[in-house]
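Read the structure below first, then the notes.
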Amino acid sequence: MGHHCMLETGFEVYILMRQLSDRIHSFAARMAPTDSDPVVHVTRGIAFVGSTRATYAEAFAFFTKHCRRIEIVRDGNLERFYFAEPPMCQHLTVRTRNNVKWGVSRESSMKKTRDFFSRNEELLEEMRHQQWLQALFHKTKLTRLNSAGNVWKRISFILAVVINVLILSCYQESIGGVSGTLPAFCGT
């Protein structure tokens, strides 16, 4: 059985367990991991590499992290649908998530759905691009440079301030038609 097939089966079992816990509340308590759970084989696929042994708690945490739910009200009943989050969705930026979350038209459920699906191609393109960038950075060992984004922002800000101070210290306006002289450290 391949890694993908085992991962898919794991998601199906987890989704079944979640659906049962939604309907049978006592099942939810039994589903939660405890310290006495045995070690089981799981194949890690999305965020992990290879096949290793993991505890039930680790497997449960993995599937909880990568499984999503939507809720739909149909005929006055709330229905929950669970699904595995595609790995590409992890590459959607926080800014885009917030734009979708707060920018979707909420005038009616029909307009909300239509507006959400009209953004579909743009979101997919961004996720593909971010996934490609991450693969490129990972392949070329530039991950450390990319992960230090805030450091690079600070460095660029400090350099911009230094350049502006140098420009201001070297600039002298001519007074009364006579040009001023430049300080010695600015050159002639």
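The values are calculated or read from the model by the stated rules, or taken from the named source; none is laboratory data. Treat the numbers as computed from the prediction; the structure is a model and nothing was measured. Neighbour counts run over all protein chains shown; Cβ positions are idealised from the backbone, glycine included.
Data overview
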quantity: Long-range neighbours under 7 Å by Cβ, at least six apart or interchain, first residue over 27 Å from residue 113 (Cβ atoms) within region 55-71, second of a type in the set (A, V, I, L, M, F, W, C) and buried (at least 16 other Cβ atoms within 10 Å of the Cβ); calculated: 59/42; 63/11
quantity: Strands (runs of 3 or more DSSP E) lying entirely in region 26-95 (those with 1 or more residues that are at pLDDT 80 or above and either more than 22 Å from the chain's Cα centre (by Cα) or not charged (D, E, K, R) (or both)); calculated: 67-74, 77-84
